[in-house]
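Peer 1: Just passing along the structure, written as structure tokens.
Bear in mind these aren't lab numbers, they're just calculated from the coordinates by the rules spelled out. Keep in mind that this is a model prediction, so the values were computed, not measured. Neighbour counts are summed over all protein chains in view; Cβ atoms, including those assigned to glycine, are modelled from backbone coordinates with ideal geometry.
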Amino acid sequence: MRRTSSDGVGAAATVVPAPPRRHRPRRARAADSGRGDVRSLTALPWLGPALVLIAAVVVYPAIELVRASMSDYSITGLRKGSAGLANYAKVLAHPDLGTVLVNTVVWVLAVLVLSLVISLGLAQLLGKEFFGRKLVRWAVIIPWAASLVITARLFTLLLDYNYGIVNRFLIAVGLRDTPIDFLGDDRWTMPSMIAVGVFVTVPFTSYVLLAGLKAIPADVHEAARVDGASPWQAYTRITLPLLRPALLVATVLNIIYVFNSFPIVYTLNDRNPGFAHDTTITFMYKLAFKSADKSVGMSAAAGVANVLLILVVVLAYLRVSRWREATDG
Amino acid sequence: MIKRLVAAAAAGGIALALTACGGGTGAATAGGSGGDGGKVTQIKLVAAEYSKDNTAAFWNKFAAAYKAKTGIDLNVQVVSWDDIDQQSSTMLQNNAAPDILNLNAYASYAKDGLLYSSDDVLSDAVKGDLLPNFVQSGTYQGKMYGMPDLSSARALFYNTDIFAKAGIAGPPKTWDEFTADAKKITALGDGTVGYAMPLGPEEAQAEFSIWMFNNDGNWKTDGKWTVNSPQNVDTLNFLKSLAVTDKVTQNNPGKTNRTDGAFPLFQSGKAGMVVGFSPLAATLDKDAKVHYATAPMPTKAGGTPSTYGVTDYLMAFKKPGNQDAVKAFYDLYYSPDQVNTFIKAEGFLPVTKSGVQYFASDPKLSTYLNTLTGAKLTPTDDPNWDRVKLAVQQNIGAAVAPNGDPKAVLDALQAQAQSGG
Amino acid sequence: MSTSAVVAPGSSRTSGPGDPPATARRTGYRAVRPYLLSFAGLVVAALFALPYLVMLLDALRPGGDVLTTPPTLFPRTWQWGTFGTILADQRFRDWLVSSLIVAGTSTVVVLVLAVPAAYFTARHRFRGRTIFLLVVLMTQMFSPTALVVGLYREFFELNLVNTYMALILTNAAFNLAFAIWILQGFFSSIPREIEEAAQLDGCGRFGTLWRVMLPLTLPGLVTTVTFTFIAAWNEYVVALTLIQDDARKPLTVGISSYVTGYQQNWDQLFAASLVAIVPVVILFAAIEKHLVGGLTAGAVK
């Protein structure tokens, strides 16, 4: 799960340079039309090894996942035969599906938007020269370097009603008289999960955006300043538009990553019965191992649906953002 | 190096193409099978991890002893309880079952026809030594498939300092006394609660079982599901009233797990009573912060208390050529040196008659040992229980919420149980 | 590092409103600004590090004191020996070594496979190029939890269950996608003239890649290394499924042993978790400068 986040920053480098390159005359001889300057066969020795590894390690299990989603299993995991689309039908008919989908939308949107907003600010700060900046950068990297499972465990402790230091603090400073049941009170569970989700998403997002900020040439800002723009005007009219490619990458990656974020939702929610606070990814796991359904077939069907859902959302986002780019001229 | 990687990956691609549609017959023989009809040279054990300090250490030593005795390699994979369902399912989905699997359920595997019965793999000496109630809980359709590895029994733990402070003379014998004591303790204030009740998903079935058994209720009665029997509804209503009306439990008991919820409250000296077992006692003794004692559970009307017993299982999968190796495994495991060493290290209770004698000298265990042979278990011999248990874990907590409806929850669980799980 | 200057003629200088240019030294805000920034930085650092400081304090008290009510920030009893206990444990050291081997080798494999693919896609247009890049991206959408059953079957068939090789191949495959995308971006940003000059000087294709292009892409390589290493270091579910021997488990899997339903060593769990963070932070501290430089370089016109 961590992998999607960690790989993310890199793509910034790809997307960021793309727009300028489009105008480079050099590109002309290599149009992106499908006919190229070399034959596909020539590419094979260069791409082959990577392709083979991906095909062998990722594609096969993906096919197996689809096959499993159309199989009938005993609760032990023994395959009993084909199930056609019955597993999909059962998932669609699941009484908790609606709750889970709503939770997923809330979870993904909230973590995504909050992380982006906070990261925009944090990236500004990290990009500036000040005493202690190195220390701040190292501190920000810690939640990223730590395993998500452990961070989630840590927060169940920090936020606990009886044992949590957060409640102790709130009471000590007089903000509360009684502890808040952050993880057990239905009104607080999702906000608590989102807060932790944002906490672990911000570091990676900030570094993507920091990279984007660094890519903006210095003279652009000089020009803005000479024109008498206020810092806020300079930021919204110049920095933000130029930051769009990096924002795009951060958003796409975070969509995938937050959708598939298992440890936080699962661990922070592990004391709550039922599916009241589950997202699609924990729903999938519980279908297989923790609910009375105990069906790996249904779980696989939910898994396939989850991938399709992410794909649709990502493609839709790409489309919308490209369209905007185009209309903004 | 890279060439080898690429070659391996390429080979993978081909192998996959061949097996993708085959339903995995190729995977049916585990790594240890020595060819057609031959005897295996190695078997695999997937064991659940009870504790970091003892489980892996025991099985590794055991594997060495097994190798010395039989010449067969015993490959041990120790898996955490959180992950073992997923791991065993993954192996079975790929027709790559281990030879021995350690789990808290077996009936579904027996139903699928995957297991050796005790007739195939247990010697008569071992069969005769197992405690009868565990033989019974390990028996599915007349044959025993679930060989018990160890057991535990629950008891009421109470904080003697708190009891003294609240002016309570001794542990409660009836539910009325229990409620009255819990109220006195809660009245002490300072965050002290009368009873720490874990009805969250981790082990809700255990918590409900022990209360249920002490109101003459059960999950099944005479072979029929009685989840929503009047006694059980009464029991769950009682638990709800403790939480909601009398407010003598910790906050939100339906959303409190045992390990990181109820037990630490008792360990912190903030809960007057909790239902515990011997590993909790070991932890309390080690921490040496809380003075406590154990007692039989109070019953609804002051009858004879029942204890709730739990055993986990070592089941053996039928695979070509592994029968003798599996038999040798059980022979060695149930030798007093091995099984009692393991149980002692993990702080659990025996599953054999010889084990009961062996542990009889330990005064700390006497509370449990005396009740062990009469302990009631959950219906692990019914494959439906494997689903019902999960349904209980995911639903029963809702019944003790302020707006919870115990009867409706139990009715739904009964329907679930009757519908074949 | 003069090489990167070639790639990044803008020399990655930010000019947010932040740099103090000679022209703008008139307000009082300018004077307090450095202090404000340092203060803000301190608050941010505290916010991100604080939970882990609490974790450290939890590691330094007896395990039975971690879950107490009411909780205390500082240990009632300091237990200085937790880290010593952890590090003296052979099992923990085995897990640490496994993690280092798997994460380190996975990172190398990713580099070796991604560099040629990225270089070629950056420099050439051919039928299937776009599809290649998209397929690579799509691999990221599958959660490992969903794929783990198929992975097990695959490595079972290959007789690679319970080997580092299985973990290395899996980690490499899952991290290849973004490595290719990162490096492709960096290669694209290197002016063709440099490469052509090298070829005129008699370097072959590989010679050019090895002696000219790679040094220029150093920041990109460093970026790839960091992210692949973190991803492989924290991978859990695949290792859980594919590794059988205790000694071959990576840290993420091994660490779950500390707290079970029957025995809870919270102090050791947290100490072990903190030790597990250290190699990553050391790696990051060592290359942090290049990381941001790297991302920048790819982006400069």
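Peer 1: Tell me, what HN-Hα J-couplings in whole Hz come from the Karplus equation 6.51 cos²θ - 1.76 cosθ + 1.60 at θ = phi - 60° for each residue of segment A:56-69, using x for Gly and Pro?
Peer 2: After applying 6.51 cos²θ - 1.76 cosθ + 1.60, I find 5, 8, 9, 5, 4, x, 5, 5, 4, 4, 5, 4, 4, 5 Hz.
Peer 1: In peptide C:68-77, how many Cβ atoms from other protein chains are near each Cβ within 10 Å, on average?
Peer 2: 6
Peer 1: So, one more: Can you grab the distance from the C-alpha centre of segment B:221-287 to the C-alpha centre of segment A:132-161, Å, no decimals?
Peer 2: Cα centroid of segment B:221-287 versus Cα centroid of segment A:132-161: 33 Å apart.
Peer 1: A further question follows. Using only Cα atoms, locate the centre of segment C:140-216 and the centre of segment C:226-277, then give the distance between them in Å, rounded to an integer.
Peer 2: Here the answer is 26 Å between Cα centres.
Peer 1: Then there is this: Placing +1 at every Lys and Arg Cβ and -1 at every Asp and Glu Cβ, with all other atoms neutral, what dipole size does the protein assembly as shown have around its Cα centre, in debye to the nearest 20?
Peer 2: Value, rounded to 20: 3640 debye.
Peer 1: Which residue fluctuates the most in chain B, going by a Gaussian network model with Cα springs under 10 Å, if the choices are B:GLY302, B:GLY191, B:GLY261?
Peer 2: For chain B, modelled as a Gaussian network with Cα springs under 10 Å, the answer is B:GLY191.
Peer 1: Another one. So between B:ASN403 and B:GLN418, what do we pick up on full extension, going 0.36 nm a residue minus the alpha carbon distance?
Peer 2: Stretched fully, the B:ASN403-B:GLN418 segment lengthens by 2.8 nm.
Peer 1: May I ask you to evaluate 6.51 cos²θ - 1.76 cosθ + 1.60, the Karplus curve with θ = phi - 60°, for each residue of segment C:252-268 and list the ³J(HN,Hα) values in order in whole Hz, giving x for glycine and proline?
Peer 2: 4, 6, x, 4, 5, 5, 5, 10, 10, x, 10, 8, 10, 10, 4, 4, 6
Peer 1: What's the exposure ranking of C:ILE101, B:ILE162, going from fewest to most Cβ atoms within 10 Å?
Peer 2: Least crowded to most crowded, the residues run C:ILE101, B:ILE162.
Peer 1: Non-local amide H neighbours of B:LYS220 (under 5 Å, H modeled in plane, Pro and chain starts lacking H): which ones?
Peer 2: B:THR226
Peer 1: For each of B:VAL126, A:VAL258, B:VAL339, count neighbouring Cβ atoms within 10 Å of the residue's Cβ, then give the residues from fewest to most.
Peer 2: Lowest to highest Cβ neighbour count: B:VAL126, B:VAL339, A:VAL258.
Peer 1: Now for a different question. Calculated from DSSP H runs of 4 or more alone, at -39500 (n - 2.57) each and per residue, what is the 222 nm mean residue ellipticity of the protein assembly as shown, nearest 500?
Peer 2: Using -39500 (n - 2.57) per qualifying helix, the result is -18500 deg cm²/dmol.
Peer 1: Which residue, B:PRO98, B:SER419, B:VAL244, has the largest displacement toward the positive end of the dipole of chain B when charges sit on each Cβ (Lys, Arg +1; Asp, Glu -1)?
Peer 2: B:PRO98
Peer 1: Mind checking which of B:LEU369, B:VAL40, B:VAL135 is farthest towards the positive end of chain B's charge dipole, using Cβ charges of +1 (Lys, Arg) and -1 (Asp, Glu) about the Cα centre?
Peer 2: Of the options given, the answer is B:VAL40.
Peer 1: In whole Å, largest first, what are the principal axis extents of the Cα atoms in the protein assembly as shown?
Peer 2: So the extents along the principal axes, rounded to whole Å, are 93, 76, 53.
Peer 1: Near B:TYR50, within a Cβ-to-Cβ distance under 11 Å, what is the net charge of the other residues, with Lys and Arg +1 and Asp and Glu -1?
Peer 2: -4
Peer 1: Starting from the Cα gyration tensor of segment B:208-353, take the square roots of the eigenvalues, sort them a ≥ b ≥ c, and report rounded, prolate or oblate (rounded when a/c is under 1.5, otherwise prolate if a/b is larger than b/c, else oblate).
Peer 2: Oblate shape, in that a/c is at least 1.5 and b/c is the bigger or equal ratio.
Peer 1: How large is ³J(HN,Hα), in whole Hz, for each residue of segment B:209-226 in order, when computed from phi with the Karplus curve 6.51 cos²θ - 1.76 cosθ + 1.60 and θ = phi - 60°, using x for Gly and Pro?
Peer 2: Each residue's phi maps through the Karplus curve to give 4, 5, 5, 4, 5, 9, 10, 6, x, 7, 5, 10, 10, 6, x, 10, 5, 10 Hz.
Peer 1: What does the structure give for C:184-193 when I average, per residue, the other chain Cβ atoms found within 10 Å of the residue Cβ?
Peer 2: 4
Peer 1: Here's another thing I want to ask about it. About the Cα centre of chain A, what is the dipole size in debye to 20, counting +1 per Lys and Arg Cβ and -1 per Asp and Glu Cβ, all else neutral?
Peer 2: The dipole of chain A has a size of about 1040 debye.
Peer 1: Taking a ≥ b ≥ c as the square roots of the eigenvalues of the Cα gyration tensor of segment A:191-316, is the shape rounded (a/c under 1.5), prolate (a/b larger than b/c) or oblate?
Peer 2: Because a/c hits 1.5 or more and a/b exceeds b/c, segment A:191-316 counts as prolate.
Peer 1: Let me ask something else about it. Who wins for biggest fluctuation among A:LEU78, A:LEU183, A:LEU240 in a Gaussian network model of chain A, springs between alpha carbons below 10 Å?
Peer 2: Maximum fluctuation in the GNM of chain A, among the listed residues, is at A:LEU78.
Peer 1: Around B:PHE134, what is the net charge, scoring Lys/Arg as +1 and Asp/Glu as -1 over all other residues with Cβ under 13 Å from its Cβ?
Peer 2: After counting each charged neighbour, the total is -1.
Peer 1: A:ALA43: net charge of surrounding residues, Cβ under 12 Å, Lys/Arg +1, Asp/Glu -1, itself excluded?
Peer 2: Charge balance in the 12 Å sphere: +4.
Peer 1: For chain B, what does the alpha-carbon gyration tensor say about shape, rounded, prolate or oblate, given a ≥ b ≥ c as the root eigenvalues, a/c under 1.5 as rounded, and a/b over b/c as prolate?
Peer 2: Verdict is prolate for chain B.
Peer 1: In what order do B:VAL326, A:VAL198 fall by count of nearby beta-carbon atoms within 10 Å, going from fewest to most?
Peer 2: A:VAL198, B:VAL326
Peer 1: Moving to a separate point now. For segment C:223-262, what mean projected area does the convex hull of the alpha carbons give, in nm²?
Peer 2: That works out to 3.5 nm².
Peer 1: How many angstrom lie between the Cα centre of segment B:345-369 and the Cα centre of segment B:168-195?
Peer 2: For segment B:345-369 versus segment B:168-195, the Cα centre distance is 30 Å.
Peer 1: Still on this structure, please answer the following. Please work out the Cα convex hull volume for chain A and give it in Å³ per residue.
Peer 2: About 201 Å³ per residue, rounded to a whole number.
Peer 1: Which values of log₁₀ I(q)/I(0), to two decimal places, follow from the Debye formula for chain C at q = 0.07, 0.09, 0.13 Å⁻¹ with a uniform point scatterer at every Cα?
Peer 2: Each listed q maps to, in turn, -0.40, -0.64, -1.08.
Peer 1: Would you work out the Kirkwood radius for segment C:176-268? I mean one over the mean of 1/r across all pairs of different Cα atoms, in Å.
Peer 2: Answer for segment C:176-268: a Kirkwood hydrodynamic radius of 16.8 Å.
Peer 1: Suppose we keep just the alpha-carbon trace of segment A:104-206; what are its Rg and Dmax in angstrom?
Peer 2: So, for segment A:104-206, Rg and Dmax equal 15.4, 43 Å respectively.
Peer 1: Just how large is the dipole of segment A:161-293 about the Cα centre, in debye to the nearest 20, putting +1 at every Lys and Arg Cβ and -1 at every Asp and Glu Cβ?
Peer 2: Dipole of segment A:161-293, to the nearest 20 debye: 120 debye.
Peer 1: I want to verify a result. In a Gaussian network model of chain B, Cα cutoff 10 Å, which of these has the top mean-square fluctuation: B:SER108, B:SER366, B:SER306?
Peer 2: B:SER366
Peer 1: Return the distance in nm (one decimal) between the two label points of a simple spin-label model at B:LYS353 and A:VAL38, each offset 7 Å from Cα along Cα→Cβ.
Peer 2: Calculated label separation equals 8.0 nm.
Peer 1: How well do other chains shield peptide C:129-137, expressed as the mean number of their Cβ atoms within 10 Å of each residue Cβ?
Peer 2: 4
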